Amino acid sequence: MATLTDPGMTTQPYKIVGKRPIRHDGVDKVTGKAIYGADIHLPGLVHGKTLRSPHAHARIIRLDTSKAEAHPEVLAVVTHADLPWTDDRLTQVGEDLVMSLRYLATSVLASDKVLHRGHCVAALAATNPHAAEEALGLIEVEYDELPAVTNVEDAMRDGAPVLHDDMVAPESLGFESVAGTNVAGHSQQELGSVAEGFACADLVIEREFRTEMVHQGYIEPQTCTAIWGEDGRLTIWNSSQGQFGMRDQIARILDLPVSDIKVVPLEIGGGFGGKLRAYLEPVAALLSKKTLKPVKITMSRADVLEATGPTSGSYTKIKVGVTNDGSIVAGQGYIAFESGAYPGSSHNGAATSMFSPYDIPNLLIDSFDVVDNKPSTAAYRAPGAPIGAFAAECVIDEIAEELKVDPVELRLKNAAKEGTRMANGTLHPLIGSIETMEAVKRHPHYRSPLEGEYVGRGVAFGSWGNGAGPACVVANVLPNGKVALVEGSVDIGGTRTSISQQFAEELGISITDILPHVADTDSIGFTSNTGGSSVTFKSGFAAYQAALDVKKQIVERAAITWEASLDEIIYRDGGVHHLSKPELSLTFTDIAKDANQTGGPIVGRANVTSTGAARAYAAMIVDVSVDPETGKTTISRCTAFQDAGKAIHPSYVEGQIQGGAVQGIGWALNEEYFMSGDGHMVNATLLDYRMPVANDLPMIEPVIVEVPNPGHPYGVRGVGEAGIVPPLAAVANAVSRAIGVRMVDLPMSPGAVSGKIISPAEV
């Protein structure tokens, strides 16, 4: 493990920030005391099950639930007819992803058509899960099966099966505004003139790239429990990345005021963007309303893979022009993302991130959102960015080969910096792009020799914009000097501790005296979802402000105690001191103990809508060896770099870097939705959907670069997402150098790699 600090930045010495305290939730998680979705067991609980379509594309001709309703153990059945009518208003469902409310409702319970295998068509509640499973077989559904399309390129072709008869193509780029298309959206980013840029280029490389749909692969499946009370209020316990975002989606789908819904967050067994959308919650709520009992529904692993939100498969065409001295003068991208059954892919994320590490004067990027008969996509860790970076970084690596220059030096020469304008027009603030690549350049891994046949070293660069948003923190100072810190951000990556560290640092008290707690939607102010690498930034900012509020009150209480004016008192080192009478001092605990005698409870609070979340940069060096007979790729060494701004808890940052690297490597080498001709996912188990395990990888060495973000009191940049951006290209570049053939399609499975070794002319 290594932590590098940019020598050009001054780093304030902190007592708690930057240290590695034991995480507050650690004991409960290792002892099994932590409460997850499946652990909720309410009195009178009944069990819900969902009936899902066996077809990828079909009209529902007849849906008869009468036999299931007659089952002695069945208490209620729901279909789309039980949902209120919804319109086409857009609603946020994830990290900068929006979706028509009507589409969101029909994705939860299909109406007239099913659009992917696993699409929910009905649900029921029974006294026990076995009876519920049995009763599902009594629901009669007659389908008129339709041709399916499960590839983004095929979905865009003339004559392709149309999923939504009323979908209108975007007017841009000459599309006619008529109904009956699978092209749901288009965006364009332009900077300068690519025609002029390519005209002055000495070398132009143009390539096509393809990636397959992959899943986030979280451990805990979606699960929820709902109880619709006799007072008309709905309470939900669930595994999600945001209790407020979930509340708002449920309210819109069920046409309820948000004040009638309480969502209770629980521990979450992974999300990575995949647990932002409501899938089971409205269904469980309707079943509870009919039964007047609490209803629990839990997805199977096959349900998770076939019916939740993976990330898009894609087709990308990219063109890059460079002069002989290595200056990149033009870049052009065409990106088509499959969004699955409903619009809302992260194609914009790919477009924005594609060239964002570089200072390129002329850019043109078109990106498209395309529906097909696969599960509706959702956010996945830096949504869209890994795919955009895959194409760009592979071409830049090829340029380095053609120009016979060092691939890191080429990237450094063209690296973005403060003041560089991105393709979307945004000017970079202070960023750590150059510092990150300098860390790669001087690392022993990059300078070490690489020997042998069919071995290769790959390098790649990438970035993610990071998020911010509203956040609320309430600090209740207890009589013993401890602080109950109530926050609104669901904790996925240890953020209860990273937020507590920022609060404790400002007050100069021990981190062990902070008792953090994530509250339900009735008990804390609105806090945006845990996504976009936003939590340590935004809720940390709120914790800092809440600490300032507590500090102000502590000083006021000391003034009362000493009958002194406020300007005679200073707060320092976890206590208050009288400036002219040094014998007078009180600790934080002293003030807390006597709070009721000096004015009552001390409660600090902050509700902020933070801005200034600066872009984070990441890079990777990876060494591979390829078996020429089987095509199997082995990762022999991997070093991952990331600018954290300031690493609040370095161990958590290292874990995030390693996690992103592992997921990116799996995406590059093994993972894919393997689809049959009729649109069935044939690898819908974790035995067949091949995610990397410990035996597949060496120890991934994380390197933390610290270029503090001036938009945050402790310099925080989000760290949860940038780390997944470089691995796809880094591994592809390494494999390409190992076999001498450019790899342009993912995953690079053994069969795909061996095919290139045998027949390189087919590239």
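The values are calculated or read from the model by the stated rules, or taken from the named source; none is laboratory data. Since this is a predicted model, take the numbers as computed values, not measurements. Backbone-built Cβ (ideal geometry, glycine too); neighbour counts: all protein chains shown.
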Tally, over segment 78-113, of residues that are in contact with a Lys or Arg (Cβ under 7 Å, 6 or more places away or on another chain) and acidic (Asp, Glu)
3
Filter segment 255-297 for residues that are among the β-branched types (Val, Ile, Thr) and in a helix (DSSP H, G or I); the one that is farthest from Leu42 (Cα to Cα) is Val258
Are any residues in segment 453-464 out of contact with any Leu (no Cβ under 8 Å at 6 or more places or on another chain) and surrounded by 24 or more Cβ atoms within 10 Å (Cβ to Cβ), and if so, which ones?
Gly458, Val459, Phe461, Gly462, Ser463, Trp464
From the list Ile648, Ile657, pick out the single residue that is under 30 Å from Phe503 (Cα atoms), assigned to a loop (DSSP other than H, G, I, E, B) and not hydroxyl-bearing (Ser, Thr, Tyr).
Ile648
So, in segment 736-745, of the ones that are closer than 17 Å to Thr630 by Cα and assigned to a loop (DSSP other than H, G, I, E, B), which residue ends up farthest from the chain's Cα centre (by Cα)?
Gly740
Condition check for Ala564: of a type in the set (A, V, I, L, M, F, W, C), touching a residue at least 60 places away in the same chain (Cβ under 8 Å) and on the phi < 0 side of the Ramachandran plot:
no
Segment 25-43: number of residues that are within 23 Å of the chain's Cα centre (by Cα) and charged (D, E, K, R)
2
Go through Ala199, Ala226 for me and flag whichever is on the phi < 0 side of the Ramachandran plot, free of Cβ contacts under 8 Å to residues at least 12 places away in the same chain and over 23 Å from the mean Cα position of the chain (by Cα).
Ala199
From the list Gly44, Gly94, which one is assigned to a loop (DSSP other than H, G, I, E, B), under 21 Å from Ile236 (Cβ atoms) and in contact with a Gly (Cβ under 7 Å, 6 or more places away or on another chain)?
Gly94
Report yes if Ala184 is outside the structural domain of Pro692 (by TED's automatic domain parsing) and surrounded by fewer than 18 Cβ atoms within 10 Å (Cβ to Cβ), otherwise no.
no
Filter segment 298-314 for residues that are in contact with an Asp or Glu (Cβ under 9 Å, 6 or more places away or on another chain) and assigned to a loop (DSSP other than H, G, I, E, B); the one that is farthest from Gln243 (Cα to Cα) is Gly313
Quick check: anything in segment 380-397 touching a Ser or Thr at 6+ places or on another chain (Cβ under 9 Å) and over 23 Å from Ala668 (Cβ atoms)?
no
Phe541 is checked against (1) crowded, with 21+ Cβ neighbours inside 10 Å; (2) touching a Lys or Arg at 6+ places or on another chain (Cβ under 6 Å) and fails just one. What number does that condition carry?
(2)
Does segment 465-474 include one or more residues that are without any contact (Cβ under 8 Å) to a residue 60 or more places away in the chain and either in contact with a helix residue (DSSP H, G or I) (Cβ under 7 Å, 6 or more places away or on another chain) or assigned to a strand (DSSP E or B) (or both)?
no
Residue, farthest from the chain's Cα centre (by Cα), within segment 85-127, restricted to residues that are of a type in the set (Asp, Glu), modelled with pLDDT under 95 and surrounded by fewer than 16 Cβ atoms within 10 Å (Cβ to Cβ)
Asp87
Are any of the residues in segment 399-406 surrounded by fewer than 24 Cβ atoms within 10 Å (Cβ to Cβ), touching a helix residue (DSSP H, G or I) at 6+ places or on another chain (Cβ under 6 Å), outside the structural domain of Thr630 (by TED's automatic domain parsing) and assigned to a helix (DSSP H, G or I)?
yes
Only one of these conditions is not met by Lys538: (1) of a type in the set (D, E, K, R); (2) more than 24 Å from Gln241 (Cα to Cα); (3) assigned to a helix (DSSP H, G or I). Which number is it?
(2)
Considering segment 135-157, residues that are more than 22 Å from Lys289 (Cα to Cα) and either without any contact (Cβ under 8 Å) to a residue 40 or more places away in the chain or in a helix (DSSP H, G or I) (or both), and then whichever is farthest from the chain's Cα centre (by Cα), we arrive at Gly137
When residues of segment 57-66 are filtered for being over 7 Å from Val114 (Cα atoms) and in a loop (DSSP other than H, G, I, E, B), how many remain?
1
